[in-house]
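Trainee: One structure coming up, written as structure tokens, with questions to follow.
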Amino acid sequence: MSNLRSLWPIALCGALLSSACTEDHPVECNAACVAALKREPLTGKSFPDPTEEQWQAAFDTATSELAKGDWATRLSAIQQEFCRTPGKVDYAKVRSLEDDMNKKRALETMNRRIDITAAMTHPESAAGAKALTKIRDESMETSILKVKVQEIMQSCYVPGTVNTPAN
């Protein structure tokens, strides 16, 4: 019985920590981030460039969606690994964290069905316009994550370093 009593505080602490880890955290995008995003294509060559209003709507939707997941935590893990010891980055570990993030992103995108055919063949129809909007939103989410990883790497980069595993 005493073993159960000693496990209770550990279980309670674990439950409290897990609930704190599941809270929504926004992925911050400052003016430099927005400028970099504006240089990123939102869709493919098959789709027209978005208007400023469409771009802003996609940005707002994407930041809202990214706040619902653990994206800020994933970006933070990449930043901690990359910036932990500037000049002695374990690039294999950073790449692994990026790959995990990209895999999760790909799975989420695949799970959200988008009628690309409707967007390509009938963009003026209601179904085509809705599909095109979803494509822009998905593209913006991916672009935000890409730009944030680039910002992290630029903020902690030490010129003249080689790929060295961290100890």
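Trainee: Here are S46, S96, S64, S76: which of them is among the hydroxyl-bearing types (S, T, Y) and modelled with pLDDT under 80?
Mentor: Within the list S46, S96, S64, S76, the selection yields S46.
Trainee: Which is farther than 25 Å from A31 by Cβ and either β-branched (V, I, T) or in a helix (DSSP H, G or I) (or both), of I152, I135, I144?
Mentor: Exactly one residue qualifies, and that residue is I135.
Trainee: Another question, if that's okay. Applying the selection to the range 148-167, what residues are at pLDDT 55 or above and under 16 Å from I78 (Cβ atoms)?
Mentor: K148, V149, Q150, E151, I152, M153, Q154, S155, C156, Y157, listed by residue number.
Trainee: Of the residues in the range 121-132, how many are part of a helix (DSSP H, G or I) and either surrounded by 13 or more Cβ atoms within 10 Å (Cβ to Cβ) or not small (G, A, S) (or both)?
Mentor: Count: 7.
Trainee: Among the residues of the range 97-120 satisfying the criterion of being part of a helix (DSSP H, G or I) and loosely packed, with under 13 Cβ neighbours inside 10 Å, which is farthest from the chain's Cα centre (by Cα)?
Mentor: Of everything passing the filter in the range 97-120, T117 is farthest from the chain's Cα centre (by Cα).
Trainee: Which pairs have Cβ atoms under 8 Å, sit 6 or more apart or on different chains, and link a residue in the range 99-127 that is in contact (Cβ under 8 Å) with a residue 40 or more places away in the chain and within 16 Å of T43 (Cα to Cα) to one that is exposed (fewer than 13 other Cβ atoms within 10 Å of the Cβ) and among the hydroxyl-bearing types (S, T, Y)?
Mentor: M120/S46
The values are calculated or read from the model by the stated rules, or taken from the named source; none is laboratory data. Remember, it's a predicted structure, so these values are computed and weren't measured experimentally. Here the Cβ is made from the backbone with ideal geometry for all residues, glycine too, and neighbour counts use every protein chain on show.
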